[in-house]
Amino acid sequence: MTTMIRQLAACLVAMTLFSGIAAAAGATAPDNAYLYIGWPNDGEVLPANRPFRVWFGLRNMGVAPKGTPKPNTGHHHLLIDTDLPPLDQEIPSDRNHIHFGAGQTETMIELPPGTHTLQLLMGDDKHMPHNPPVYSRKITVYVK
């Protein structure tokens with residue numbers, strides 16, 4: 001009987017630990033969600049000292065403002081000159097990780113002359129990456 005109680009206790013501990021890990025991963029996203037940058041194109045040459053539009057594309061998933069826990073939705077984060085952040089943590093908010101928590105699907109940015117990378121990452125209502133994570137491929141733009 002004591003062995004059975006120990007096994008049951010171990011099973012409950014494991015379930016608690018694994019449920020915490022699953023919760024930390026963010027809201028679920030459809031497996032076929034597709035996020036992309038519609039403009040500018042990869043390799044685009046853009047004029048210096050002029051803002052340009054970045055257009056966000058998303059398929060098979062919806063956009064909702066932060067704090068809105070609707071299934072299969074999230075909001076955009078634009079990553080500038082950085083790699084993807086840890087996908088089990090809240091998405092940072094700084095000059096390299098721009099949040100669009102109101103549900104925006106485009107923005108205007110101005111970058112200094114040089115080579116820059118842009119990438120999109122969807123976040124759930126709490127700014128966590130989804131499970132599975134939904135991110136675009138990284139593109140390179142040249143500001144001259």
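The values are calculated or read from the model by the stated rules, or taken from the named source; none is laboratory data. These figures come from a predicted structure and were not determined experimentally. Glycine gets a Cβ as well: all are built from the backbone with ideal geometry, and neighbour counts include every protein chain shown.
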Sort out which residues of the stretch 85-144 are free of Cβ contacts under 8 Å to residues at least 12 places away in the same chain and under 23 Å from P69 (Cβ atoms), and write them in order of number.
P86, P92
Looking at this structure, is N72 within 25 Å of K144 (Cβ to Cβ), surrounded by fewer than 16 Cβ atoms within 10 Å (Cβ to Cβ) and either within 15 Å of the chain's Cα centre (by Cα) or modelled with pLDDT of 95 or more (or both)?
no
Is there a residue being under 15 Å from Y135 (Cβ atoms), modelled with pLDDT under 95 and surrounded by 15 or more Cβ atoms within 10 Å (Cβ to Cβ) anywhere in the stretch 51-64?
no
Of the conditions (1) surrounded by 14 or more Cβ atoms within 10 Å (Cβ to Cβ); (2) of a type in the set (D, E); (3) farther than 25 Å from P113 by Cβ, D31 fails just one. Which one is it?
(1)
Requiring at least 2 residues that are under 16 Å from D83 (Cβ atoms), the strands (runs of 3 or more DSSP E) wholly within the stretch 102-144 are 114-123, 139-143
Which listed residue is touching a Ser or Thr at 6+ places or on another chain (Cβ under 9 Å) and of a type outside the set (G, A, S), from R59, R53:
R53
Please go through the stretch 88-101 and give me each residue that is out of contact with any Lys or Arg (no Cβ under 9 Å at 6 or more places or on another chain), in a loop (DSSP other than H, G, I, E, B) and not small (G, A, S), ordered by number.
D88, Q89, I91, P92, R95, N96
